[in-house]
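Q: So that we are looking at the same thing, I have put the structure below in structure tokens.
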Amino acid sequence: MIPCTLGPTDSPTWKIILSSVALPFSSESTTSRTGVRASAGEGRAVRDTRLDFWRGLCLIDMVLVHLVYQGIQFGEGLQGLLGEYTRFAAGGYIFVAGLGIGLLYLPKVHDPLRRWKTYTSLWKRSIYVLLVHYAAEISFLLLYPLSGSGGFTSVASEILAIFTFRKGCDLLPFYVMVLAVAPLLLELLRRRLGWVVLAGSAALFVLAQRDPYVLTFPIQTTFLPGLWQLPFVLGMLAGALLPRYDRLSLSSKRRITGVVAIVSVCIWLDIYAADFGWVVNSPFLYWKIPLTVGELLRYLSFMGSIILLTNFLWPRITRLPGMSAVQLLGRRSLAVYVFHLWVVQILVRLSTGLGMHGWVNLICIPVALLTLWGWARWMDYLATSKVNPARTQERYWTPIGVSVVACLLLLMVNPLVRFVDADPPPMDQSFDASALPPYRATLLPPVLLTTPTGADDEASDGLQSVDLPDAVEGIPA
């Protein structure tokens, strides 16, 4: 797995590759100043723990947002605080993914002996993420018949729809695409053609503003590649420049951090001023679906402020309690992301079934995070206790095996559910978007809004009904 972007470093191949990588920082680099943790002795792996921390923060915010938008009722004040006012996970997660590739893999491609091995490893990683996507989606189908939502009309058609990218979540397919293209981008950066990368990415973003569904599969209705590739590419460029930033003086870092923080505050006020009775004539639209320029600036400024501020205060942050837990979530981010879909759905069903409302639902947050931490610890244990680290190909059999077992379980469970519970009509789709609460108006373009609401519907954020795509359930926000 890619240690800098999507998930855990449980691949012995990457341990071998990273063992000979020189630090992409100045010779003065230390753990307290840059977050690079180096093992004692020559030829040991090097890991930048800041990347784990930033990914971990994105995953925590992702969990909070999904708890809100999947149906947990925290109360009016907390709904906005947890699900909207502090939201940065979607763009931040993708930006940090690109940041890791630019930071850790660009130095490798400058070495002719490691260049092709790095490129092929990224392509292999892309295939692995695709297998994980299939395993996760097929396993997720089990949640519906087991939770009383009824059986599927045809299990085979549901599985075929997943394999042909017609149903399911669309974040991992997006990563499959950008990982496959990453070697080309790294090669251009190696040849000092970063301006070509930036210009091409910006041009594709502008083209996708006119036609958001360019270069998309049917499943991709949220993380549209033509739009979301820009924060990934900007992350790669930022990762390439991060070593130079680390060598700046503290006063220079302070000024840069202050400027970005001021910009993020201005953007936040531009988005939410109306919620507090302030009148602002905003020049931007803040839509996540499809991604607009305003929403892109929101993600870049929010995540940029978090990265720069925590990087500036890194020596103090490393001593905070819970730091290792956040980094563990980020180190095993792919496994945590997949598992959090299950955790959120189970907690939503428990909360709804028990009739929980308001502040009492806050208990769901520590339960979710502790569960994910335990899962990450288990994944970490499995990754570090392999008998033969030289064998790497068996990791591909893990998602394949999970897919096969999930298919067999689904073929056994689905007929029983349909036989026992014959009253509800059989399900004909994997994701029931109608059961989800409506998104805020700032997240949806007008084409997704139906009839306007009256004065009695003000509590629903001005939305009466929303035509959400099939893939909306389980997407990172």
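Readers should treat all values here as calculations from the given coordinates under stated rules, not as data from a laboratory. Predicted model only: the values in this text are computed from it and were never measured. Cβ atoms come from the backbone with ideal geometry, glycine included; neighbour counts cover every protein chain shown.
Q: How high is the FRET efficiency from Glu76 to Leu146, r the C-beta distance, R0 41 Å, rounded to 0.05?
A: 0.80
Q: Another question about this same structure. 5 Å is the cut-off here: which amide hydrogens, built 1.01 Å from N in the peptide plane, fall below it relative to Phe152, excluding neighbours closer than 5 in sequence?
A: Correct list: Met427.
Q: Express in nm, to one decimal, how much length is gained between Ser282 and Trp123 on full extension, taking 0.36 nm for each residue of separation and deducting their alpha carbon distance.
A: Computed gain between Ser282 and Trp123 is 53.0 nm.
Q: What is the distance, in nm, between label points placed 7 Å from the Cα along the Cα-to-Cβ direction at Asp211 and at Lys253?
A: Each label point lies 7 Å from its Cα, and together they span 4.6 nm.
Q: Further, regarding this structure: What ranking do 98-105, 365-372, 206-213 get when scored by the average of other Cβ atoms within 10 Å per residue, highest first?
A: In decreasing order of mean packing, 98-105, 365-372, 206-213 become 98-105, 365-372, 206-213.
Q: Between Val181 and Phe312, how high is the FRET efficiency from 1/(1 + (r/R0)^6) when r is the Cβ-Cβ distance and R₀ = 41 Å? Nearest 0.05.
A: So the FRET efficiency works out to roughly 0.80.
Q: Test of understanding: what is the full-extension gain from Met323 to Val405, defined as 0.36 nm times their sequence separation minus their Cα-Cα distance?
A: 25.9 nm
Q: A follow-up question, please. Apply the Karplus curve 6.51 cos²θ - 1.76 cosθ + 1.60, θ = phi - 60°, to the phi angles in the stretch 264-274 and return the couplings in whole Hz, x for Gly and Pro.
A: Calculated HN-Hα couplings, in order: 5, 5, 4, 5, 4, 5, 5, 6, 10, 4, 5 Hz.
Q: Give me the Kirkwood hydrodynamic radius of the stretch 89-186, using the inverse of the mean 1/r over all pairs of distinct Cα atoms, in Å to one decimal.
A: 15.5
Q: Whole-Hz Karplus ³J(HN,Hα) for the stretch 235-252, in order, using 6.51 cos²θ - 1.76 cosθ + 1.60 and θ = phi - 60°, x for Gly and Pro?
A: In residue order, the calculated couplings are x, 4, 5, 5, x, 5, 8, 4, x, 5, 5, 4, 8, 5, 6, 4, 5, 5 Hz.
Q: Also: Which log10 I(q)/I(0) values does the stretch 180-243 give at q = 0.16, 0.29 Å⁻¹ under the Debye formula, counting every alpha carbon as one identical point scatterer?
A: Log10 I(q)/I(0), no solvent term: -0.54, -1.25.
Q: Follow-up. Net charge near Leu179, counting Lys/Arg +1 and Asp/Glu -1 over other residues with Cβ under 14 Å of its Cβ?
A: For residues surrounding Leu179, the net value is +2.
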